[in-house]
Every structure is written in structure tokens, then in C-alpha cells.
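Contents: one structure, followed by commentary.
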Amino acid sequence: AGFHPDPAFASTLRAAIEPTPAGEWDIEKDILAVLRPPATFALYHGFGNALFARVIDRLLGEPSLRVLVAPRTDEQRRGILARGNGNLRVLARGVRGLDLLARADLVVSAGGTMNREAALLGTPAYTVLAAPLGAVDRWLIEQGRLIHVCGDADLEKIAIRKATERRLPLARERIAEEVCDRILEPIGRLW
């Protein structure tokens with residue numbers, strides 16, 4: 001709630017990308033896919049996720065698409081850079097996450113937070129999480145704000161297009177006050 005995109009974010013983003021995009025990357029006009037790899041080091045993710053690599057392969061098959069990966073580890077960063085594809089880059093340093101997700105035309109994550117934030121902002125979001133989905137993710141899927149890509153047959157669900165029309169964000173300006181009011185309501189009845 002209350003998020004307002006930074007109008008200068010394109011230049012901030014360009015400076016944070018490794019290797020620095022050459023002239024073929026037009027951050028303002030290109031279709032931008034932001035990807036988040038699986039948290040293979042986390043206890044909840046004690047297994048591989050080969051689907052994420054196949055997502056990258058599918059996306060790189062689209063010449064009009066720019067793929068930007070927000071790696072979790074240096075090992076993931078090196079693995080992405082080793083692919084040597086001109087349409088594939090990594091974030092070399094942190095940027096304001098909501099600006100990144102609002103600027104993206106689609107987000108694919110093998111985790112949860114970035115997908116949830118993208119879905120709430122109205123950015124097309126896809127989950128390739130191999131672990132059981134949480135209640136919030138299942139609710140976002142029911143609402144049509146998050147798409148679950150479970151296997152190779154689902155890769156075609158990933159829509160590659162400019163996100164010119166986004167769904168309205170799922171946020172309310174007074175949400176913090178509303179939550180506090182609900183928590184305090186029973187206490188007020190006692191007085």
C-alpha cells in the first residue's frame with residue numbers, strides 16, 4: 001500500500017545489471033522477465049528444481065525478451081553468467097524490490113516473496129516452487145494473480161508480452177490501521 005514507482009528506476013536498474021547491458025537492452029521498451037532461482041540452501045527446499053533451468057531455456061528462446069535473474073548466491077550468479085547469452089543478465093547488487101517488480105513484464109520465481117509482491121502489484125507472476133505451496137500462494141492462484149508452473153507441459157502458460165495493462169494492485173492504503181483495529185477490537189469490548 002502506498003507504493004509509488006521511482007521514475008528514475010530504469011537508470012538505477014541499468015547500473016545494477018551484470019554484465020552491463022549494451023545497446024541491445026532497452027530497459028524502457030523491451031519485455032523484461034525477472035527470475036528468482038530456488039533457495040537450494042534452505043531447509044524447506046532440500047531438493048533440486050530442474051524446472052527452473054528449463055524455464056530459463058524457454059525464455060531465452062524468445063529473442064524479444066530480456067531475462068534478468070536476481071540470484072540468491074554467488075554460485076547461482078556464476079552459473080547464470082556462464083551461460084553466456086546476450087539476453088540473460090544478473091543483478092549484481094540490490095535494487096528496490098518493488099520498483100523492480102513493478103517494472104518487470106513478468107516474474108518467475110522458485111520461491112515465494114518476490115512472486116507474492118509481483119502478484120500484489122499486478123505484475124504477471126509465475127511460481128515454479130517445487131516445495132508444497134503455502135496458503136497465500138494457493139489463494140493468489142485462486143484469484144488468478146499467480147500461475148503455478150508444475151512441469152514442462154506448463155511452460156507454455158508463461159505469457160511473454162509487454163505488461164501494458166496490469167491488474168489493479170491488491171493493496172489498501174489503510175491496511176495497517178485495519179489490522180490493528182481488528183486486533184484491538186476484542187480488547188475494546190472488555191473496557
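Over the chain, give the accessible area per residue in Å² for a 1.4 Å probe, as an integer. Provide the component values of the computation, followed by the final result.
On the way: 10460 Å² over 191 residues.
Counting only protein heavy atoms, the per-residue value for the chain is 55 Å².
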Between residue 161 and residue 12, what is the spin-label point distance in nm, taking each point 7 Å from the Cα along the Cα→C-beta axis?
3.0
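Under a Cβ-Cβ cut-off of 13 Å, what is the net charge of the residues other than residue 81 that fall near it, where Lys and Arg count +1 and Asp and Glu count -1?
Working: positive: 77, 78, 83, 89; negative: 18, 74, 75.
Around residue 81, the charge tally is +1.
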Net charge dipole size for the chain [Lys, Arg +1 and Asp, Glu -1 on Cβ; Debye, nearest 20]
140
So between residue 148 and residue 184, what do we pick up on full extension, going 0.36 nm a residue minus the alpha carbon distance?
9.3 nm
Of the listed values (1) 0.99; (2) 0.93; (3) 1.02, grab the one calculated as Rg/Rh (Cα atoms, Kirkwood Rh) from the structure here.
(3)
Restricting attention to segment 72-171, which GluC sites (Glu not before Pro) occupy a DSSP loop and are surrounded by at most 10 other Cβ atoms within 10 Å?
165
Accessible area of segment 63-183 with a 1.4 Å probe: how many percent of it is carbon plus sulfur?
54
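The values are calculated or read from the model by the stated rules, or taken from the named source; none is laboratory data. Computed from a predicted model, the values in this text were never measured in an experiment. Don't worry about glycine lacking a Cβ; one is built from the backbone with ideal geometry, like all the others, and counts go over all protein chains shown. Note: areas computed on protein heavy atoms with side chains; ligands, DNA, RNA excluded. Shrake-Rupley method; radii C 1.70, N 1.55, O 1.52, S 1.80 Å.
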